[in-house]
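Reading through the structure tokens given below for one structure.
The values are calculated or read from the model by the stated rules, or taken from the named source; none is laboratory data. Just so it is clear, the structure is predicted and the values come from calculations on it, not from any experiment. For neighbour counting, all protein chains shown are included, and Cβ atoms are generated from backbone atoms with ideal geometry for every residue, glycine included.
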Amino acid sequence: MDAHAPHRIELADAPHDTRAPRAAAQPRGLARAALWLAPLACLAAVALAFGFVRQGPDWLFGWVFGGLFALMMGWICVSVFWPARAERRCPRCSELALERVDARSTVGIACASCGWRDEAASSWLLAEEEAELEPIVLAQRRQRRPGLPQQVTRDPASAASPTR
């Protein structure tokens, strides 16, 4: 065997992963349509840029302004009518079993199925779906600023009475 010849790597020598292969997440619904529309939007942007260079800003300004306005309104409509949802699929076992570690916090998630935990991951969307966020956020602010009172109570009678 020649000393300068490349070493042949056998398949048995290669490192291998013992975990089960995860199936790639396939986009569904509107996300799948967006994958098809993204290249068309890029082509439209190139065509608009070409038209802007060739024809000048006279007629194109109105179209670009209208397109940007439509894009802004579309973004607002999508955000209002299809808000973000919490991802409850575990990254290790792919089961829909993620839950918050602490019901009084918006940080930390755990899988009820396999026991996987991430103490630093945000569980904001899970908390938003499960409980009222205001008490959780106020409690976390009090922990960061210890000078604030621990319990804030509002008495409707004292708020309505004059203080003269």
Report summary line: Going through segment 14-50 in order, the residues found to be among the aliphatic types (A, V, I, L, M) and at pLDDT below 85 are Ala14, Ala20, Ala23, Ala24, Ala25, Leu30, Ala31, Ala33, Ala34, Leu35, Leu48, Ala49
Query raised in the report: Restricting attention to segment 51-61, does a residue exist that is of a type outside the set (Gly, Ala, Ser) and either modelled with pLDDT of 85 or more or surrounded by 13 or more Cβ atoms within 10 Å (Cβ to Cβ) (or both)?
Result: yes
Report task. Filter segment 123-136 for residues that are under 17 Å from the mean Cα position of the chain (by Cα) and in a loop (DSSP other than H, G, I, E, B) and give the result. Result -> Ser123
Report task. Could you tell me whether segment 86-102 includes any residue that is modelled with pLDDT under 90, polar (S, T, N, Q) and more than 21 Å from the chain's Cα centre (by Cα)? Result -> no
**Report entry** Residue count for segment 65-122, restricted to those that are within 24 Å of Arg141 (Cβ to Cβ), among the β-branched types (Val, Ile, Thr) and not in a loop (DSSP other than H, G, I, E, B)
**Finding:** 2
